[in-house]
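Working notes, beginning with the structure itself.
The values are calculated or read from the model by the stated rules, or taken from the named source; none is laboratory data. Computed from a predicted structure; not experimentally measured. Ideal geometry is used to build each Cβ from the backbone, glycine not excepted, and the neighbour counts take in all protein chains shown.
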Amino acid sequence: MTLSTPAPTSLLTPAPGTGSHPSVTHEVTNQPPLLVDHDVAEDPALLEGLRREGAGWHLGELHRLGRLAGTEQAQRWGDEANAYPPVLHAHDRYGHRIDEVEFHPAWHELMRVAVASGLGAAPWTEPRPGAHVARAASFYVWSHVETGHTCPMSMTYAAVPALRAQPELAEAYVDLLASRTYDPGLRPPVAKQGILAGMGMTEKQGGSDVRTNTTTATAEPDGTWRLRGHKWFTSAPMNDIFLVLAQAPGGLSCFLVPRVLPDGSANTFRIQQLKDKLGNRSNASAAIELDDTVAWLVGPEGRGVRVIIEMVAMTRLDNVSGSAAGMHAALIQAYHHTRYRTSFGGRLIDKPLMRNVLADLAVESEAATTLLMRLAGAVDRAQGGDSAEQAFARLAVPLGKYWVCKRQPVLVAEALECLGGNGYVEESGMPRLYREAPLNGVWEGSGNVNALDMVRALTRQPESLEAYAAEVDQAAGHDTRLDEAWRAVRKELDVLADPAAAELAARRIAERLALVLQGALLVRHAPAAVADAFCATRLAGDHGMAFGTLPAGVDLDAILDRVGAEVP
């Protein structure tokens, strides 16, 4: 045979009766369909909490957003925003500094939906009971699609209570922050239909220890200030205004820095680099330099930490929401996969051990979501002037931030394993969920920072413990395991009398208090099977070190039926 001789026909065509080309070695079987065209808001724990916390009026809008979140289009936006991360353009073609960040169109679609859905500062100008609860629920639902773009949403939401420390700035900017119109691009804030806020607190030498900040602020005769220094980690640098900490003559103070000045000229806001992060890749996080940067004082000089802590308290609520959403997203992916996948003669979801794993994940997810909605209710009523809820939120928000954010990475890892090798492949979406999982535990204060903040609340604001106790005591007598756990943790609080011992025990106390609070909420509000499983394992210790170690007697079917009601 020469190179020009055609190959025998028998080598190119299928044998008689085979009906297929020999290069087709197999057909695809035993793979689940895409999890699309479902309502992400169809989450019993979320919907029950929404009604319980006074925002049942938001159900229609929440389901609209949930159906959009479940579409293939929305999922594609999330994928593309992460596949094509933001690009820094520090200079134009002629060498002039422009300090702009370019985002993929998918990012802008995500932002458009988020802003229109009120995930920014809308609740502050829509004073309706339950407004903050409604936003928390929508934030949770839309976070299932993609979490990077929720960072500018969170900062925009949280900026309002800080700005109110300076009434003239609040009057100028709050309505724009609360706008439901997404208006990207660098222009004077007051010339836009809607604006976004960011924050610049940490510096390379101090991180969370902001009192070591070296950025300086100098007062000008016209009432403005000039800032000079750096910020090590400033997310969403294309936002319109930023709350920044700097050292003024009277001490560490909070300032408002616009990207564009009222006359249309660019403020000095040099983006030195974009961070190459583990996850959250759709969101630009930058190191910036301030040099004769124009700013306005927010609140009293020397009270910067007190002013900006109002912002941090709100972003921590969103940390809980984002982590609870990430846990739930991983759970429903695992449930969906195992319902369709067969192995060893049957569906994975019908295998006793897999059912134990899935039910355990479901209990953890429901505990997180139920706590989130209670925290959102507390924040909502606290803004309305309820002093008991203010005290409760002061302790419970850092507790929730600490514990729920700690649980997200281990839950997502276990859910990923339910998909086997398929879960380790990017197309499954699970690797992105896994990379995002540690984020909320780091931002707005690491675990240690939040545990120590809890200690400060307990020791300096005893009314916060009283409010917490009143909440837990509403479940007294309903489950002996919860009652015993509450008695035990009260004894452990004796350590607070010794500051050194209290710091050493801070994480242990935070964990115990968070678990007791979750248990009390589940006993009162969740189905009996969920509450029983939680109390038996998380409170009474009848549990292993890994998920999937629920003890005999737990009603796995009842727990999984609750998940199955929301997954098509």
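Where residues in region 73-97 are in a helix (DSSP H, G or I) and aliphatic (A, V, I, L, M), which of them is nearest to GLU289 (Cα to Cα)?
By that ranking, first place goes to ALA81.
Inside region 272-311, can you point out the residues that are crowded, with 23+ Cβ neighbours inside 10 Å and closer than 26 Å to ALA165 by Cα?
ILE288, LEU290, THR293, ALA295, LEU297, VAL298, GLY304, VAL307, ILE308, MET311
Condition (residue is more than 22 Å from GLU168 (Cα to Cα), of a type outside the set (A, V, I, L, M, F, W, C) and in contact with a helix residue (DSSP H, G or I) (Cβ under 9 Å, 6 or more places away or on another chain)) applied to region 261-276: is it met by at least one residue?
No, region 261-276 contains no residue that is more than 22 Å from GLU168 (Cα to Cα), of a type outside the set (A, V, I, L, M, F, W, C) and in contact with a helix residue (DSSP H, G or I) (Cβ under 9 Å, 6 or more places away or on another chain).
Given GLY441, GLY423, which one is in a helix (DSSP H, G or I), closer than 24 Å to GLU511 by Cα and modelled with pLDDT of 95 or more?
Matching residue, one of GLY441, GLY423: GLY441.
Being farther than 24 Å from LEU416 by Cα and of a type in the set (A, V, I, L, M) is the filter; apply it to region 535-558 and report the residue that is surrounded by the most Cβ atoms within 10 Å (Cβ to Cβ).
Among those that are farther than 24 Å from LEU416 by Cα and of a type in the set (A, V, I, L, M), it is LEU539.
Give VAL101, VAL133 a once-over and let me know the one that is of a type in the set (Val, Ile, Thr), under 18 Å from the mean Cα position of the chain (by Cα) and on the phi < 0 side of the Ramachandran plot.
VAL133
Just one of (1) surrounded by fewer than 19 Cβ atoms within 10 Å (Cβ to Cβ); (2) in a helix (DSSP H, G or I); (3) among the acidic types (Asp, Glu) trips up ASP532, so point out which.
(1)
Output the residues belonging to region 98-128 that are buried (at least 22 other Cβ atoms within 10 Å of the Cβ) and part of a strand (DSSP E or B).
ASP99
For every residue, the table says whether it meets (1) among the small types (Gly, Ala, Ser); (2) over 30 Å from VAL530 (Cβ atoms).
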site	(1), (2)
THR268	no, yes
LYS275	no, yes
GLY299	yes, yes
GLY322	yes, no
VAL357	no, no
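Of all residues in region 301-329, which are without any contact (Cβ under 8 Å) to a residue 40 or more places away in the chain and either within 15 Å of TRP443 (Cα to Cα) or not basic (Lys, Arg) (or both)?
Correct list: ILE309 only.
If I ask for residues that are at pLDDT below 95 and among the hydrophobic types (A, V, I, L, M, F, W, C), which ones from region 163-210 would you list?
Those that are at pLDDT below 95 and among the hydrophobic types (A, V, I, L, M, F, W, C): ALA165, MET199, MET201, VAL210.
Hey, does region 257-265 have a residue that's free of Cβ contacts under 8 Å to residues at least 40 places away in the same chain, within 20 Å of HIS149 (Cβ to Cβ) and assigned by TED's automatic domain parsing to the domain that holds ALA158?
The initial filter retains those residues of region 257-265 that are free of Cβ contacts under 8 Å to residues at least 40 places away in the same chain, namely 265.
Checking which are within 20 Å of HIS149 (Cβ to Cβ) leaves us with none.
Taking every residue of region 257-265 in turn, none turns out to be free of Cβ contacts under 8 Å to residues at least 40 places away in the same chain, within 20 Å of HIS149 (Cβ to Cβ) and assigned by TED's automatic domain parsing to the domain that holds ALA158.
The conditions are (1) farther than 17 Å from GLY544 by Cα; (2) touching a His at 6+ places or on another chain (Cβ under 9 Å), and ASP360 fails exactly one of them. Which is it?
(1)
For GLY385, only one of the following conditions fails: (1) within 22 Å of ALA137 (Cβ to Cβ); (2) not in a helix (DSSP H, G or I). What is its number?
GLY385 satisfies every listed condition except (1).
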